[in-house]
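This report concerns only the one structure given below.
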Amino acid sequence: MFDDFLSDDDAMLEKNLASVQLGTPDRQQHGDPLRTFKVTQADHDPVLLLRTFYQRLFPYKTFYSWLNYSNAEPTKTFTHREFSFTLANDIYIRFQSFNDLPAFKKEIERLQPVKMDLGAIYTIRPKERKTVNEKAFRPLEKEFVLDIDMTDYDEIRTCCTGGDICHKCWTFMTLAIKVIDACLRDDFGFQHILWVYSGRRGVHCWVSDERARQMDNESRKAVIGYMEVIKGGAEVQRKVKLMKILHPSLERSYKTIEPYFESLILDQQGVLDTKEEWTKMVSILSDANIRDQLNNEWSNNPSLSGAEKWDQLVQAVHQSRNEFDSITRDIQLQYLYPRLDSNVSTNINHLLKSPFCVHPKTQRVCVPIDPENCDNFDPLAVPTLMTLNDELNKLAMGTSDSERKIPDYKKTSLKPYIDIFENFVNGLLKETQRAKRDQPDHSW
């Protein structure tokens with residue numbers, strides 16, 4: 001009889017869950033069950049590891065304070081937010097919503113999603129959308145988000161392809177954080193910006209200022225259009241063509257990335273080392289005579305370094321125009337400027353992977369990145385489910401009563417990333433409290 005009260009999505013979910021092994025570990029009669037449960041070294045089962053992560057390590061309170069924009073009673077920014085879960089066996093559930101933190105935590109521990117995405121805040125609680133007219137259910141606001149994926153650099157990087165990354169190509173992500181973070185803060189005045197490692201091959205950005213959250217799709221397109229420099233698909237050779245005198249924002253970005261050109265592009269990526277690679281750069285030049293000249297020179301002198309070839313290219317361009325030609329600067333921007341996925345940013349109801357979920361393929365936690373210290377961020381050293389479990393097992397061997405009062409995640413390698421997240425959320429909460437104090441009191 002209770003089936004009559006289930007929505008179509010809930011009924012389908014219950015049916016699907018019957019085929020997925022879920023649940024919580026066996027409870028012990030004495031002690032804290034979440035602290036005594038242990039996954040042994042010999043039993044690194046992904047399901048058990050994920051269960052332990054959600055029960056002992058996920059920062060629920062701080063996460064709730066962020067999405068609620070308050071650490072007090074639930075607001076519509078939390079209760080009307082869409083959560084999307086991907087479960088084992090590729091079961092995908094959209095339009096989930098929760099009344100409060102305990103309900104959210106209970107469902108996360110029950111479902112143990114292998115992936116969690118965050119969506120917009122709607123006029124109606126997403127889980128109740130089928131109780132109203134379709135036109136009444138519409139998105140109101142969401143953080144302004146950006147997604148920068150390493151695969152968009154595959155035409156440039158030579159060290160890796162696809163989902164693979166290494167320390168060499170990760171520098172592209174470091175530069176992207178530096179350039180975009182400065183643009184968001186200096187040009188748009190945003191302050192509450194959270195950078196997050198995607199868990200595999202890229203970074204996400206969450207701009208949480210109230211002004212950013214309330215932007216409509218057209219405003220989001222305008223912001224992305226302002227920051228986009230690289231335009232054109234695979235068939236377009238020259239993807240950057242700017243005025244000779246750069247806008248101050250682009251001038252600042254160019255000064256940030258230009259020092260990396262020789263070390264990253266010419267040396268580490270070796271884009272001029274082979275004819276297959278240098279042809280990509282030379283083809284950007286519109287002058288066929290220069291293209292032929294450089295191809296012949298470099299083919300006949302294989303011992304030339306990348307820096308020497310670049311100097312020859314710059315000299316050939318300058319001699320042909322008798323003045324500085326912006327094409328050499330534009331080439332540097334084409335190879336180094338951030339490549340943005342505009343579709344993620346311009347649609348308010350577009351989903352994006354949540355911070356602190358776990359990438360299902362790498363088992364790495366999607367941890368925050370400090371933009372002021374992004375040069376030192378190592379994606380290959382990010383905590384994984386297995387390393388965190390090993391740390392918890394070591395803690396279980398000898399923990400004093402005073403240490404038991406400290407959350408488990410603050411006793412593992414997650415701590416520095418949790419600290420970044422807490423600092424970000426505390427800044428948001430202070431602004432929220434300040435805004436409430438500044439509001440006129442009409443109670444009298």
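The values are calculated or read from the model by the stated rules, or taken from the named source; none is laboratory data. It should be emphasised that the depicted structure is a prediction, and the values quoted were computed from it without experimental measurement. Glycine also receives a Cβ, built like all others from the backbone with ideal geometry; neighbour counts cover every protein chain displayed. Accessible surface areas use protein heavy atoms only, side chains included; no ligands, DNA or RNA. Shrake-Rupley method; radii C 1.70, N 1.55, O 1.52, S 1.80 Å.
Numbers below:
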| quantity | calculated |
| --- | --- |
| Elements of type helices (runs of 4 or more DSSP H) in segment 376-444, at least 1 residues being within 28 Å of the chain's Cα centre (by Cα), of a type in the set (Val, Ile, Thr) and modelled with pLDDT of 95 or more | 385-397, 415-438 |
| Scope segment 100-156; condition over 26 Å from Asp181 (Cβ atoms) and small (Gly, Ala, Ser); matching residues | Ala103, Ala136 |
| Filtered residues of segment 226-250 (kept if open to solvent by 40 Å² or more (accessible area, probe 1.4 Å) and within 21 Å of the chain's Cα centre (by Cα)) | Tyr226, Glu228 |
| Meets criteria (over 26 Å from Gln363 (Cβ atoms) and either out of contact with any Lys or Arg (no Cβ under 6 Å at 6 or more places or on another chain) or open to solvent by less than 40 Å² (accessible area, probe 1.4 Å) (or both)) for Arg51 | no |
| Residue match in segment 327-342 (condition: without any contact (Cβ under 8 Å) to a residue 12 or more places away in the chain and open to solvent by 10 Å² or more (accessible area, probe 1.4 Å)) | no |
| Lone qualifier among Gly225, Gly233, Gly202 - being small (Gly, Ala, Ser) and over 19 Å from Asp181 (Cβ atoms) | Gly233 |
| Residues of segment 78-94 satisfying the condition of being outside any strand (DSSP E or B) and closer than 24 Å to Pro407 by Cβ | Phe78 |
| Pairs where the first residue, in segment 367-396, is touching a residue at least 40 places away in the same chain (Cβ under 8 Å) and of a type in the set (Asp, Glu) and the second is surrounded by 17 or more Cβ atoms within 10 Å (Cβ to Cβ) and not in a helix (DSSP H, G or I), C-beta under 9 Å, 6+ apart | Asp370/Trp195; Asp370/Phe377 |
| Residue in segment 79-98 that is buried (at least 18 other Cβ atoms within 10 Å of the Cβ) and closer than 22 Å to Asp419 by Cα present | no |
| Some residue of segment 254-274 being farther than 26 Å from Cys169 by Cβ and assigned to a loop (DSSP other than H, G, I, E, B) | no |
| Hits in segment 146-169 - residues which are in a helix (DSSP H, G or I) and surrounded by fewer than 22 Cβ atoms within 10 Å (Cβ to Cβ) | Thr151, Asp152, His167, Lys168 |
| Yes/no for Phe137 being open to solvent by 20 Å² or more (accessible area, probe 1.4 Å), modelled with pLDDT of 95 or more and over 28 Å from Pro407 (Cα atoms) | yes |
| Meets criteria (open to solvent by less than 10 Å² (accessible area, probe 1.4 Å), on the phi < 0 side of the Ramachandran plot and touching a residue at least 60 places away in the same chain (Cβ under 8 Å)) for Ile180 | yes |
